[in-house]
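Q: Sharing a structure with you now.
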Amino acid sequence: MTSSLVQLLAFEKLNGDNYAPWKSNLNTILVINNLRFVLTEEYPQYPSSNANRTVWDAYDKWIRVNEKARVYILANIYDVLAKKHNRMHTTKEIIESLQGMFEQSSFSLRHDAINYVYNRRMKEGSSVIEHVLDKMVHFNVE
């Protein structure tokens, strides 16, 4: 992992108030390092003793990548959160737990976006294009 990626994670260490930017940075790092699949794929079953090499390689890769992504996450959240999540074995478990703790509901996000768009007023002398673009950004809420 390059030093700039390490700095990106260290800059936004999860503290509870910054979940959205932290998650965005984490996703960027996982994608760049080809680690994101551990958030979507289930923990693989331990291969049988007579499994072929391809099955063993896939299992070993998933385990290695999961551990690497898990370490990235635990190293970049505050100690209290890290202690709570340290006993979880998969990256997916940790992310689901953090989402449950910090992610705003989609209703709340939509409400905030509509409220912003409705109440935002254009300042005298400002660009109409910038004002419209500023409002349009808030329509892209999931």
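Q: Can you spot a residue in the stretch 39-48 that is under 15 Å from the mean Cα position of the chain (by Cα), assigned to a helix (DSSP H, G or I) and of a type outside the set (D, E, K, R)?
A: Yes, there is a match, as at least one residue in the stretch 39-48 is under 15 Å from the mean Cα position of the chain (by Cα), assigned to a helix (DSSP H, G or I) and of a type outside the set (D, E, K, R).
Q: Of the numbered conditions (1) of a type outside the set (G, A, S); (2) exposed (fewer than 13 other Cβ atoms within 10 Å of the Cβ); (3) part of a helix (DSSP H, G or I), N27 fails exactly one; give the number of that condition.
A: (2)
Q: When the residues of the stretch 86-102 are narrowed to those that are of a type outside the set (S, T, Y) and surrounded by 18 or more Cβ atoms within 10 Å (Cβ to Cβ), which ends up nearest to R64 (Cα to Cα)? Before you say what the answer is, go through the steps one by one.
A: Quick first cut of the stretch 86-102, residues of a type outside the set (S, T, Y) only: 86-89, 92-96, 98-102.
From what's left, surrounded by 18 or more Cβ atoms within 10 Å (Cβ to Cβ): 92, 94-95, 98.
On the way: K92: 14, I94: 16, I95: 17, L98: 22 Å.
Ranking the qualifying residues of the stretch 86-102, first place goes to K92.
Q: Quick one: is L74 in a helix (DSSP H, G or I), at pLDDT 80 or above and either among the charged types (D, E, K, R) or within 27 Å of G16 (Cβ to Cβ) (or both)? It would help to see each step written out before you state the result.
A: On the way: in a helix (DSSP H, G or I): yes; at pLDDT 80 or above: yes; either among the charged types (D, E, K, R) or within 27 Å of G16 (Cβ to Cβ) (or both): yes.
Yes; evaluated as a whole, the condition is true for this residue.
Q: For the stretch 41-85, what are the residues that are touching a residue at least 60 places away in the same chain (Cβ under 8 Å), of a type outside the set (S, T, Y) and surrounded by fewer than 16 Cβ atoms within 10 Å (Cβ to Cβ)?
A: The one that is touching a residue at least 60 places away in the same chain (Cβ under 8 Å), of a type outside the set (S, T, Y) and surrounded by fewer than 16 Cβ atoms within 10 Å (Cβ to Cβ): A75.
The values are calculated or read from the model by the stated rules, or taken from the named source; none is laboratory data. The structure presented is a predicted model; accordingly, all values stated were derived computationally and were not measured. So basically every Cβ, Gly included, is an ideal-geometry build from the backbone, and we count neighbours across all protein chains shown.
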